[in-house]
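Let me begin by presenting the structure, written as structure tokens, before commenting on it.
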Amino acid sequence: MEANLKQIEAQARAAATELLDIAGLKAGDIFVVGCSSSEVLGGRIGKASSEAAAEAVFDGIYPVLRERGVYLAAQCCEHLNRALIIKGDCAERYGLEPVCVVPQPKAGGSFAAQAWRSFRRPAAVERVRAHAGLDIGGTLIGMHLREVAVPVRLSLDRVGQAILLCARTRPKFIGGSRAVYE
């Protein structure tokens, strides 16, 4: 199990690093992660929550984001209406109103609970407009991405046994046929 958790951590780190590079995120941007620890270990989403797997994924992703100054938004499960756990200064910077809830492994999810325990000043919010994100295990992060999401295929397609789907966002193209875009 220990070796498997190290591999999961390494896969999560590689996925976050690769997506950050492709998406071109800068300090202050938001990176949303939905993670089913059940799926990571080969179970069915919502049925076999694992704090150890969630910790491995978090330990792979968070240091990479922190090093680049990118905010992590950890998506909760549907029992908390897919609320997000972010750092308090992220909520303040983006004018996000906190809600009162503390995620638990079986009510919010193990990954969100790990983020809550790890952040110095955590806050729960109902929504963000993230610049990019990782969906680990079919957690449906799309509702928390900015309006024009662009699918990104990475060099790996799984974290543990969970399917990995990724997206970055871009500004809308407006103006029609006479418009000029960068």
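Any read-out appearing in this document is the output of simple, stated calculations on the displayed coordinates, not a laboratory observation. What you see is a predicted model; the values in this text were computed from it and never measured. Cβ placement follows ideal geometry from the backbone for every residue including glycine, while neighbour counts extend to all protein chains displayed.
See the values below:
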{"read-out": "Rg to Rh, two decimals, where region 99-182 supplies the alpha carbon set and Rh follows Kirkwood", "value": "1.08"}
{"read-out": "Mean separation of Cα contacts under 8 Å, 6 or more apart, over the residue count of region 61-141: relative contact order %", "value": "31 percent"}
{"read-out": "Cβ-Cβ FRET estimate between K106 and A14, R0 fixed at 22 Å, reported to 0.05", "value": "0.15"}
{"read-out": "Equivalent ellipsoid semi-axes - Cα gyration tensor, the chain, angstrom", "value": "26, 19, 15"}
{"read-out": "Amide proton proximity set for R170, modelled H, under 5 Å, gap of 5+", "value": "V148, V150"}
{"read-out": "For L25, net neighbour charge (Lys/Arg +1, Asp/Glu -1) across residues whose Cβ lies under 11 Å away", "value": "+1"}
{"read-out": "Bins of 5 Å from zero: percent of alpha-carbon pairs in region 1-95", "value": "3, 13, 22, 23, 19, 13, 6, 1, 0"}
{"read-out": "Gain in span if fully extended, V148 to S177, counting 0.36 nm per residue against the direct Cα distance", "value": "8.5 nm"}
{"read-out": "In region 98-174, chymotrypsin sites (Phe, Trp or Tyr not before Pro) in a DSSP loop with at most 14 other beta-carbon atoms within 10 Å", "value": "F173"}
{"read-out": "In order through region 157-169: 3J(HN,Hα) via Karplus (6.51 cos²θ - 1.76 cosθ + 1.60), integer Hz, x for Gly, Pro", "value": "10, 8, 10, x, 9, 7, 5, 10, 10, 9, 8, 10, 10"}
{"read-out": "D_trans [Stokes-Einstein, Kirkwood Rh over alpha-carbon pairs] for region 133-182, 20 °C, 1.002 mPa s, µm² s⁻¹", "value": "170 µm²/s"}
{"read-out": "Pairwise FRET efficiency - I22 versus K47, Cβ, R0 = 22 Å, nearest 0.05", "value": "0.10"}
{"read-out": "With at most 11 other Cβ atoms within 10 Å, longest stretch of the chain clear of loop trypsin sites (Lys or Arg not before Pro) (DSSP)", "value": "48-119"}
